[in-house]
1. Quick one: what pairs do we get from segment 15-32, first residue more than 10 Å from L43 (Cα to Cα) and part of a helix (DSSP H, G or I), second open to solvent by 70 Å² or more (accessible area, probe 1.4 Å) and aliphatic (A, V, I, L, M), C-beta under 7 Å, 6+ apart or different chains?
2. What about N63, is it surrounded by fewer than 16 Cβ atoms within 10 Å (Cβ to Cβ), of a type outside the set (G, A, S) and touching a residue at least 40 places away in the same chain (Cβ under 8 Å)?
3. Of everything in segment 23-58 that's within 25 Å of A72 (Cα to Cα) and acidic (D, E), which residue is surrounded by the fewest Cβ atoms within 10 Å (Cβ to Cβ)?
4. For S71, are the conditions met, namely being within 20 Å of T13 (Cα to Cα) and free of Cβ contacts under 8 Å to residues at least 12 places away in the same chain?
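The values are calculated or read from the model by the stated rules, or taken from the named source; none is laboratory data. The structure displayed is predicted, hence computed values, not measured ones. Every residue, glycine as well, gets a Cβ built from its backbone with ideal geometry; the counts of neighbours run over all protein chains shown. Remember, those area values only see protein heavy atoms, side chains included, never the ligands or the DNA or RNA. Shrake-Rupley method; radii C 1.70, N 1.55, O 1.52, S 1.80 Å.
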Amino acid sequence: MSAVKGTEAHGRTTDRVGAAQEAVDRLRAGLAEAGIVLPSLRLEPVSSAGNDPAPLVDLGRCNVETAERLSAVLERARQR
(Lines give C-alpha, C1' and ligand atoms only; values in the text may rest on other atoms or scores of the structure.)
Protein backbone atom coordinates (compact mmCIF):
# COMPACT_ATOMS: atom_id res chain seq x y z
CA MET A 1 0.00 0.00 0.00
CA SER A 2 1.39 3.40 -0.89
CA ALA A 3 1.91 6.04 1.79
CA VAL A 4 -0.93 8.13 0.33
CA LYS A 5 -3.40 5.24 0.38
CA GLY A 6 -2.29 4.33 3.90
CA THR A 7 -2.83 7.91 5.04
CA GLU A 8 -6.29 8.00 3.43
CA ALA A 9 -7.25 4.74 5.11
CA HIS A 10 -5.99 6.03 8.45
CA GLY A 11 -8.05 9.20 7.97
CA ARG A 12 -11.22 7.19 7.29
CA THR A 13 -10.51 5.03 10.34
CA THR A 14 -9.98 8.10 12.52
CA ASP A 15 -13.18 9.69 11.14
CA ARG A 16 -15.23 6.55 11.79
CA VAL A 17 -14.00 6.12 15.36
CA GLY A 18 -14.32 9.87 16.01
CA ALA A 19 -17.91 9.88 14.76
CA ALA A 20 -18.70 6.89 16.95
CA GLN A 21 -17.21 8.63 20.00
CA GLU A 22 -19.29 11.72 19.24
CA ALA A 23 -22.41 9.51 19.15
CA VAL A 24 -21.47 8.07 22.56
CA ASP A 25 -20.91 11.58 23.93
CA ARG A 26 -24.30 12.77 22.60
CA LEU A 27 -26.02 9.70 24.04
CA ARG A 28 -24.34 10.24 27.43
CA ALA A 29 -25.42 13.90 27.44
CA GLY A 30 -29.00 13.07 26.44
CA LEU A 31 -29.28 10.40 29.08
CA ALA A 32 -27.86 12.80 31.68
CA GLU A 33 -30.54 15.37 30.78
CA ALA A 34 -33.11 12.68 31.55
CA GLY A 35 -31.37 11.94 34.86
CA ILE A 36 -29.95 8.62 33.67
CA VAL A 37 -26.32 7.55 34.02
CA LEU A 38 -24.96 4.41 32.37
CA PRO A 39 -21.54 4.12 34.03
CA SER A 40 -20.25 1.60 31.50
CA LEU A 41 -21.30 3.54 28.38
CA ARG A 42 -18.33 3.59 25.99
CA LEU A 43 -17.00 2.55 22.62
CA GLU A 44 -16.26 -1.15 22.61
CA PRO A 45 -12.47 -1.12 22.19
CA VAL A 46 -11.98 -4.23 20.06
CA SER A 47 -14.52 -3.11 17.45
CA SER A 48 -12.77 0.27 17.23
CA ALA A 49 -9.32 -1.20 16.56
CA GLY A 50 -7.59 -2.36 13.43
CA ASN A 51 -7.35 -1.08 9.88
CA ASP A 52 -11.09 -1.17 9.17
CA PRO A 53 -12.90 -0.60 12.46
CA ALA A 54 -16.64 -1.02 12.85
CA PRO A 55 -17.14 0.70 16.21
CA LEU A 56 -19.85 -0.65 18.49
CA VAL A 57 -21.36 1.23 21.40
CA ASP A 58 -21.20 -0.71 24.64
CA LEU A 59 -24.13 0.35 26.78
CA GLY A 60 -22.85 -1.78 29.61
CA ARG A 61 -24.78 -2.97 32.58
CA CYS A 62 -27.08 -1.01 34.84
CA ASN A 63 -29.09 -1.64 37.96
CA VAL A 64 -32.86 -2.20 37.95
CA GLU A 65 -33.60 1.37 39.05
CA THR A 66 -31.71 2.77 36.06
CA ALA A 67 -33.47 0.35 33.69
CA GLU A 68 -36.85 1.47 35.07
CA ARG A 69 -35.94 5.15 34.65
CA LEU A 70 -34.80 4.52 31.08
CA SER A 71 -38.04 2.67 30.32
CA ALA A 72 -40.09 5.55 31.75
CA VAL A 73 -38.26 8.07 29.56
CA LEU A 74 -38.87 5.96 26.46
CA GLU A 75 -42.55 5.54 27.33
CA ARG A 76 -42.96 9.31 27.71
CA ALA A 77 -41.24 9.84 24.35
CA ARG A 78 -43.65 7.39 22.66
CA GLN A 79 -46.64 9.28 24.06
CA ARG A 80 -45.63 12.55 22.39
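1. L31/V37
2. Details: surrounded by fewer than 16 Cβ atoms within 10 Å (Cβ to Cβ): yes; of a type outside the set (G, A, S): yes; touching a residue at least 40 places away in the same chain (Cβ under 8 Å): no.
Criteria not met by N63.
3. Looking at residues that are within 25 Å of A72 (Cα to Cα) and acidic (D, E), I get E33.
4. Values: within 20 Å of T13 (Cα to Cα): no; free of Cβ contacts under 8 Å to residues at least 12 places away in the same chain: yes.
No.
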